[in-house]
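Note sheet for the following structure.
The values are calculated or read from the model by the stated rules, or taken from the named source; none is laboratory data. None of these values were measured; they are calculated from a predicted model. Cβ placement follows ideal geometry from the backbone for every residue including glycine, while neighbour counts extend to all protein chains displayed.
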Amino acid sequence: TIALLAESVTTRPLNLREASATLLPPIPLYRHLLRAHRHLPVEMRSLGDDYVKAAEFRRHRQVDNPAFIIGFLSQWKQYLDELPSSTGGTQFRGRKLDPTVFEKLSSEQLGQLYELMHATKDVWRP
């Protein structure tokens with residue numbers, strides 16, 4: 001199945017650099033993301049949990065294109081690797097979107113990015 005494509009094919013122990021590059025199957029990745037969000041401040045956690053639950057994983061549940069699935073899982077794994085591992089989320093700063101990636105976004109993706117930008121501004125507005 002498609003989920004098996006994302007699993008590691010080696011049985012030997014991986015070093016840290018290789019382990020961060022491996023992909024997780026969708027359900028364990030989803031669980032790891034929600035667990036990692038526990039270390040974020042309350043506002044960021046609620047926004048992240050809502051986005052992961054409602055928007056992304058449920059919306060892409062029926063996708064059959066293996067190339068898209070690998071890209072989807074690798075991007076979410078990269079995000080997971082950037083999340084803080086300690087309480088408080090003080091080390092999570094995010095990063096700027098690469099201009100070449102920005103140029104490749106579809107109009108629907110740009111709309112989602114715009115909505116996300118406004119949702120995050122509302123969370124941090126006093």
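For every residue, the table says whether it meets (1) at pLDDT below 85; (2) surrounded by 10 or more Cβ atoms within 10 Å (Cβ to Cβ); (3) among the hydroxyl-bearing types (Ser, Thr, Tyr).
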| position | (1), (2), (3) |
| --- | --- |
| 16 | yes, no, no |
| 19 | yes, yes, no |
| 33 | no, yes, no |
| 68 | yes, yes, no |
| 95 | yes, no, no |
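Which numbered condition trips up residue 118, out of (1) at pLDDT 80 or above; (2) in a loop (DSSP other than H, G, I, E, B)?
(2)
Just for region 19-37: of the residues that are in contact (Cβ under 8 Å) with a residue 40 or more places away in the chain and not in a loop (DSSP other than H, G, I, E, B), which one is farthest from the chain's Cα centre (by Cα)?
Only one residue tops the list, namely 20.
Say whether the condition of being modelled with pLDDT under 75 and in a helix (DSSP H, G or I) is met by at least one residue in region 52-65.
yes
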